Amino acid sequence: MGALNSLWRKTIGLDDHPGDDGLYIHLVNSLFTSKSSLFSAHALGAVTALSAYAITRDMFFVYAFIFLFAAAILRTKTILGYVSINKADLTRKDYERFDRNFFLMSLPFSFVIGLVSWRLMTYPPALETHTLAAGNTVGYMMGFFARNAGRPKLAMSQVAACAGPTFIGYLLNPGQQGYLYAVLLVGIFLANIYVSISLHRNIVSAYHAMRETEFLARFDKLTGLANRFTFNKIIDKAIETEPDEPFAIIFLDLDKFKEINDTLGHTAGDAVIREMARRIGDCLGASSQIARFGGDEFLIKLDEGDHDAVALVASRLLTELSNPYMIDSSIVRATASIGVSVYPSQGKTTEALIKKADIALYEAKKDGGAGWRDFDAKIEKKISETRKIETDMRTAIDDGDLFPYFQPIYSLKTREVVSFEALVRWSHPTFGPISPDVFIPIAERAGMVDEIGALMLLQACAAAVNWPENVGVAVNVSTRQFARPAHLFAAVVKALRESGLAPHRLHLEITESLLINDPNATRRTIQQFVHLGVQFSLDDFGTGYSSLSYLKDFPFRKIKIDKAFTETLTTNNASASIIRGVSHIAADLKLDLVVEGIETAEQEQFLAAIGVEYGQGYFFSHPVPQAAVGSFFRTAPRAQGANILKFAQTAGGPRRNETNI
């Protein structure tokens, strides 16, 4: 019997589902959902019994009618009782009781329906009685299978109780087609068994899919923890029910998690996330609510608002999460950062608390990670300003409100301007002039550098086309721009075409960092621009990973010595020797050499004496707006610096050591 029952369960997919209370309750509910079908079945049974009595005048059908009527009353009472009861109060045993009562009432009802058909079959072959018997049996068979598709055992039991007597009736009164009808009855029975089992499997599959959807709406599939939506509801409820009870929100994030995904793959990354969730749960126990916010970020509601208690928990979490992770055969080492906000002192809504914990987390990461920070209102103000700058910068780019200032590059021999370097400027409507040191890093993080670079190219070329033909313009190109060579090439072509500037008058300045990662790809990209006629300069030479091989392998036209050497030119012999050596190398390679950061007459004289041909710096001029560039071509070189310096300072001139683009 055990083996047969096991086979039965496997065949139909666990009719009673003992290991899944939710599915079992769902299937029991299905028995009572369609009350109208039960009432119509009772009414049809009673009508069939009365019709049989009208045809045969056999009192058996009167007794059958009475039984069916009584069964209808009992079943109706059970159904109404189930519908009216509060399901939240029911246990599995209660559901099993309703299930059992339904089963015990269904079988006698089905058997009496079958007896009505059998009794009709005992009469001599007649169209009325045999048609009524066949219609009654087949109709109820189909109805039982359709209505109880979620419960194959019940459906097949009812059908067997109903069809069995009719089947026997065909065998005992075969007539001309009796055996054929008996075989057809068996065929209908078997076909409906198959349909019932298939429907049952579909119902179970749909139920599990529904449960999974409900689970994913509230929980994280990877870790099983609450998701952000559920966590928000937990915090909302805590604020609503206990408005005076302080608690802390912990925002936790793994440092440099992207490197784990990039080096070991996303499967390993998922394994680390699961292990993180387990460790967090072990640290905090069941008293705290934990949620996965997304990626490698977790949110925790700590039922403590005291600073010392929060500090203890944060330190314990950081220690636990910094222990090595064994992922397959690899040992992964990682650290975490934590941001904390406290209710109600630092926020009285869920959104505010999470936002401020996120701000604190951001500061912890800025400090290098592997630590935790409390929320600080000063930090929030700073971040708010940064976000406003980012938002307004987008508008400024779209409206063309970012513009270039131009700093001249002089010939130290003739004291004439040979070119200008374009430097981006922005005068914010609220904060006033903002240094590129401030807004360029923000633009890089927000992915706006390409657009700013394209805008500077357009404006710089449009300005330079009005200068003397022997004066060029230099535009800085960032690493991020160079990472998209096709986009940069299109921007350069557009700027040259729309302005009409000759390509050889445009100099693109790049730093040595571009040459390190993929020198071959960089060389190919530079060569494309050289074929176009555009010239390239190597900016900030002498810092970073300077290599003389760059001068040999790349088609540069100009080298710019970083101002760090100029600052110590007259006080450090090494700086002077380096500049002198690079000057000789540049001359041998027929490269122009520009020394940046010239601020005194002494520096200028020294550089001219050792053969440096070009110079740039505040000694000659601060960067100036486009409107002031024309004066450089109308006045003597010595007067230019004095006149333009005052103008540049009153127009919000630059700071030293600024970030260029």
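Looking at GLU385, GLU421, which one is more than 24 Å from ARG292 (Cα to Cα), in contact (Cβ under 8 Å) with a residue 40 or more places away in the chain and open to solvent by 60 Å² or more (accessible area, probe 1.4 Å)? Break it down stepwise before answering.
Numbers: GLU421 fails: open to solvent by 60 Å² or more (accessible area, probe 1.4 Å).
None of the other options fit; the residue is GLU385.
Specify which of the listed residues (ILE290, ILE280) is under 20 Å from TYR325 (Cβ atoms) and either open to solvent by 30 Å² or more (accessible area, probe 1.4 Å) or part of a helix (DSSP H, G or I) (or both). Steps first, please.
On the way: ILE290 fails: either open to solvent by 30 Å² or more (accessible area, probe 1.4 Å) or part of a helix (DSSP H, G or I) (or both).
On inspection, the qualifying residue turns out to be ILE280.
Evaluate the stretch 231-242: report whether one residue or more is out of contact with any helix residue (DSSP H, G or I) (no Cβ under 7 Å at 6 or more places or on another chain), of a type in the set (Val, Ile, Thr), modelled with pLDDT under 90 and over 29 Å from SER322 (Cβ atoms). So far as the stretch 231-242 goes, no, none of its residues is out of contact with any helix residue (DSSP H, G or I) (no Cβ under 7 Å at 6 or more places or on another chain), of a type in the set (Val, Ile, Thr), modelled with pLDDT under 90 and over 29 Å from SER322 (Cβ atoms). Entry remark, the stretch 348-380: residues being farther than 21 Å from LYS258 by Cβ, in a helix (DSSP H, G or I), of a type in the set (Asp, Glu) and at pLDDT below 90 number 1 in total.
Quick one: which residue in SER513, SER537, SER478, SER499 is open to solvent by 50 Å² or more (accessible area, probe 1.4 Å), among the small types (Gly, Ala, Ser) and touching a residue at least 12 places away in the same chain (Cβ under 8 Å)? Step through it out loud before you land on a result.
Details: SER537 fails: open to solvent by 50 Å² or more (accessible area, probe 1.4 Å); SER478 fails: open to solvent by 50 Å² or more (accessible area, probe 1.4 Å); SER499 fails: open to solvent by 50 Å² or more (accessible area, probe 1.4 Å).
That would be SER513, the only listed residue that is open to solvent by 50 Å² or more (accessible area, probe 1.4 Å), among the small types (Gly, Ala, Ser) and touching a residue at least 12 places away in the same chain (Cβ under 8 Å).
Residue-level check: of (1) more than 53 Å from the chain's Cα centre (by Cα); (2) part of a helix (DSSP H, G or I); (3) modelled with pLDDT under 70, ARG119 misses just (3). List the helices (runs of 4 or more DSSP H) that sit entirely inside the stretch 422-504 and contain at least 1 residues that are modelled with pLDDT of 90 or more. Filter on the stretch 422-504 gives 436-446, 449-464, 485-499.
Looking across the stretch 314-347, just one residue is assigned to a loop (DSSP other than H, G, I, E, B), in contact with a strand residue (DSSP E or B) (Cβ under 8 Å, 6 or more places away or on another chain), within 17 Å of ALA360 (Cβ to Cβ) and open to solvent by less than 50 Å² (accessible area, probe 1.4 Å), and that is GLY347.
Among all residues of the stretch 69-92, there is at least one that is open to solvent by 60 Å² or more (accessible area, probe 1.4 Å), at pLDDT 75 or above, basic (Lys, Arg) and part of a helix (DSSP H, G or I).
The values are calculated or read from the model by the stated rules, or taken from the named source; none is laboratory data. Only a predicted model underlies this, so the values are computations on that prediction, with no experimental measurement involved. Heads up, the Cβs are rebuilt from the backbone with ideal geometry, glycines too, and the neighbour counts pull from every protein chain shown. Remember, those area values only see protein heavy atoms, side chains included, never the ligands or the DNA or RNA. Shrake-Rupley method; radii C 1.70, N 1.55, O 1.52, S 1.80 Å.
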